[in-house]
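Accompanying notes for the structure given below.
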Amino acid sequence: DAILYPNPANEGFTIESGDALPSFVEVMDISGKAVFNGTGIRQVNTQQLSTGIYLVRIYFNDEIQTKRLEILH
């Protein structure tokens, strides 16, 4: 399973997923609206996002994982 740290995040977070590099990462606010997406990344800058709860959808070749992330500024 992928792990997000730090959580709560301030300036950004890292996706720890061993050898598996995420093919796509999507951050959604609690209403389901996508507020960030990126390809082939492990680190996400959250400085432009408001304090609150987000869902991070992490796409791998064979699965999709959804994680809860809190952002505190």
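The values are calculated or read from the model by the stated rules, or taken from the named source; none is laboratory data. Since the structure is predicted, the reported quantities are computational estimates derived from the model, not experimental observations. With ideal geometry, Cβ positions are generated from the backbone for all residues, glycine too; neighbour counts draw on all protein chains shown. Protein only, heavy atoms only, side chains kept; ligands, DNA and RNA dropped before computing areas. Shrake-Rupley method; radii C 1.70, N 1.55, O 1.52, S 1.80 Å.
At 7 Å along the Cα-to-beta-carbon direction for both Ile30 and Glu70, put a label point, then send me their distance in nm to one decimal.
1.2 nm
Considering Cα pairs under 8 angstrom that are at least six residues apart, work out the relative contact order of the chain and quote it in whole percent. Numbers along the way, then the final one.
Numbers: 166 pairs, mean separation 25.2, N = 73.
Contact order relative to length: 34 percent.
How much accessible area per residue does the chain have, counting only protein heavy atoms and a probe of 1.4 Å, in square angstrom?
For the chain, the solvent-accessible area averages 60 Å² per residue.
Restricting attention to the alpha-carbon atoms of the chain, what are Rg (one decimal) and Dmax (integer), both in Å?
For the chain, the Cα-based Rg and Dmax read 11.1, 34 Å.
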